[in-house]
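S.K.: My questions all concern the structure below.
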Amino acid sequence: MHHIPITVTVDGMTYEREVEPRALLVHFLRNDLGRVGTVIGCDTSNCGACTVLLNGRSVKSCSVLAVQADGTSITTIQGLSDGNEWHPVQTAFKECHGLQCGYCTPGMVMSAVDLLSENPNPSEAEIREGLEGNLCRCTGYHNIVRSVEMAAELMGGAK
């Protein structure tokens, strides 16, 4: 099978690679670039664990081909923090105990970042709707919602 050249910026670094046309973005991020913080949950776009930001918008990286990401900027959970300074959403998830096993957390955090960029002061219903594509099998979602509410406050959006 022939390979296609792509250029992507991931977590601030630009990469030029050749990929198989059928390669999923999640596999490219993990296997080619070592971004293993982006987890594989279901490979069917149901769980949202593999969510990353593609040009600032959340996408499930198991439903995007690597070739479709050519020329884009991608942020993974590993590139979200600023050096040793956590992103406010990460801080809020820690403070509000918005995780248990942690498997869904990278995707939840990335979806929450996108949600708050679009709506800096979401209601509880808007938070639940904004995260509905991300499944958690442990928490019951209450603390995840509280985490997003706290993140909104930390980011200056909440009243």
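The values are calculated or read from the model by the stated rules, or taken from the named source; none is laboratory data. This one's a predicted model, so the numbers in the text were calculated from it and none came from an experiment. In this analysis, Cβ positions are derived from the backbone assuming ideal geometry, glycine residues included, and neighbour counts consider all displayed protein chains.
S.K.: Among the residues of the stretch 114-129, is there at least one that is under 21 Å from Val36 (Cα atoms), outside the structural domain of Ala23 (by TED's automatic domain parsing) and at pLDDT below 95?
M.R.: Narrowing the stretch 114-129 to residues under 21 Å from Val36 (Cα atoms): 114.
Pick out the ones that are also outside the structural domain of Ala23 (by TED's automatic domain parsing) and you get 114.
Next, only the ones that are at pLDDT below 95 stay: none.
No - not one qualifying residue is present in the stretch 114-129.
S.K.: Out of the residues in the stretch 26-45 that are under 11 Å from Cys62 (Cβ atoms), assigned to a loop (DSSP other than H, G, I, E, B) and among the aliphatic types (A, V, I, L, M), which is farthest from the chain's Cα centre (by Cα)?
M.R.: Ile40
S.K.: Report the residue count in the stretch 87-135 for those that are over 19 Å from Val52 (Cβ atoms) and polar (S, T, N, Q).
M.R.: Residues flagged as over 19 Å from Val52 (Cβ atoms) and polar (S, T, N, Q) within the stretch 87-135 amount to 5.
S.K.: Which numbered condition trips up Arg57, out of (1) surrounded by fewer than 18 Cβ atoms within 10 Å (Cβ to Cβ); (2) modelled with pLDDT under 95?
M.R.: (2)
S.K.: Moving to a separate point now. Report, by residue number, each residue of the stretch 60-71 that is surrounded by fewer than 20 Cβ atoms within 10 Å (Cβ to Cβ), touching a Ser or Thr at 6+ places or on another chain (Cβ under 7 Å) and assigned to a helix (DSSP H, G or I).
M.R.: Scanning the stretch 60-71 gives a single hit, Ser63.
S.K.: Something else now. Restricting the search to the stretch 74-87, which residues are surrounded by 16 or more Cβ atoms within 10 Å (Cβ to Cβ) and assigned to a strand (DSSP E or B)?
M.R.: Hits for the stretch 74-87 are Ile74, Thr75.
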